[in-house]
Amino acid sequence: MIMKKLLLAILPLLAISALARPVHASEGLFRLNNQVGDKARCSGRSVPTPPENTRGADSRFAVSLSCRDIVYPATGSGIVSYVVWARPLIGGDPVRIGTVGVGFVNTTVNTPFTGIFITEEKNANTESPTGRVVMSGDVRLDPFLDAPSQFRPEDELGDPIPTPSGEEIEEMRRANAINPLTTGLAAVLGIAAIIFLVIIVAKK
């Protein structure tokens with residue numbers, strides 16, 4: 001009986017924890033490998049957009065895709081576009097991202113996703129994939145961002161600041177050193193000025 005009550009108390013907490021955990025499936029890098037035996041391939045990354053730009057959407061990701069060796073089928077084949085799709089994290093129908101125009105795609109996706117694929121389409125405006133899949137890949141973590149234990153200081157850009165030699169340190173000390181004679185003279189003059197002002201004020 002006690003165990004049952006304990007489980008009933010813990011389960012809601014676990015559910016809340018799972019809902020509160022941020023979704024990282026859509027943030028990362030992806031490589032779209034060719035699925036039809038030619039040289040065309042694409043790669044890119046997806047990052048969350050700032051909250052102020054979500055416009056009410058629960059999740060919004062900026063997707064940047066770059067492709068190489070994309071060859072449009074010959075005239076008369078009926079294929080006019082390569083359309084990019086995202087596989088939703090929760091399953092269901094693919095989400096249209098856009099079309100590969102001159103080899104680049106820069107857009108936003110409002111649904112968390114785990115992978116991207118590209119299809120050949122006769123209709124560039126189709127809302128669901130109907131042609132064959134020519135490239136496909138999954139979103140993966142960025143090893144540089146998500147593996148901090150492997151970070152090395154020398155990976156930072158720029159040259160390191162050189163450490164001064166013993167001679168350079170000694171020269172800096174001499175340049176910044178205060179002459180005791182000059183300091184003492186200044187102190188005496190300051191005291192004399194104060195005494196002079198006191199005498200003048202007392203006579204008045």
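The values are calculated or read from the model by the stated rules, or taken from the named source; none is laboratory data. Since we're looking at a predicted model, the values are computed, not measured. Here the Cβ is made from the backbone with ideal geometry for all residues, glycine too, and neighbour counts use every protein chain on show.
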Quick check: is even one residue across the range 65-77 modelled with pLDDT of 90 or more, under 17 Å from the mean Cα position of the chain (by Cα) and buried (at least 17 other Cβ atoms within 10 Å of the Cβ)? yes
Restricted to the range 100-114, and to residues that are surrounded by fewer than 20 Cβ atoms within 10 Å (Cβ to Cβ) and under 24 Å from the mean Cα position of the chain (by Cα), which residue is farthest from E27 (Cα to Cα)? G103
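Would you mind finding the one in G103, G131, G98, G92 that is in contact with an Asp or Glu (Cβ under 6 Å, 6 or more places away or on another chain) and in the same structural domain as V47 (by TED's automatic domain parsing)? Reasoning before the result, please.
Numbers: G103 fails: in contact with an Asp or Glu (Cβ under 6 Å, 6 or more places away or on another chain); G98 fails: in contact with an Asp or Glu (Cβ under 6 Å, 6 or more places away or on another chain); G92 fails: in contact with an Asp or Glu (Cβ under 6 Å, 6 or more places away or on another chain).
Sole residue among the options that is in contact with an Asp or Glu (Cβ under 6 Å, 6 or more places away or on another chain) and in the same structural domain as V47 (by TED's automatic domain parsing): G131.
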Would you kindly identify the helices (runs of 4 or more DSSP H) lying entirely within the range 86-204 that contain at least 1 residues that are modelled with pLDDT of 75 or more, touching a Leu at 6+ places or on another chain (Cβ under 7 Å) and among the basic types (K, R)? none
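Within the range 115-128, track down each residue that is surrounded by fewer than 18 Cβ atoms within 10 Å (Cβ to Cβ) and in contact (Cβ under 8 Å) with a residue 40 or more places away in the chain.
First, pick out the residues of the range 115-128 that are surrounded by fewer than 18 Cβ atoms within 10 Å (Cβ to Cβ): 122-128.
The answer is K122, N123, A124, T126.
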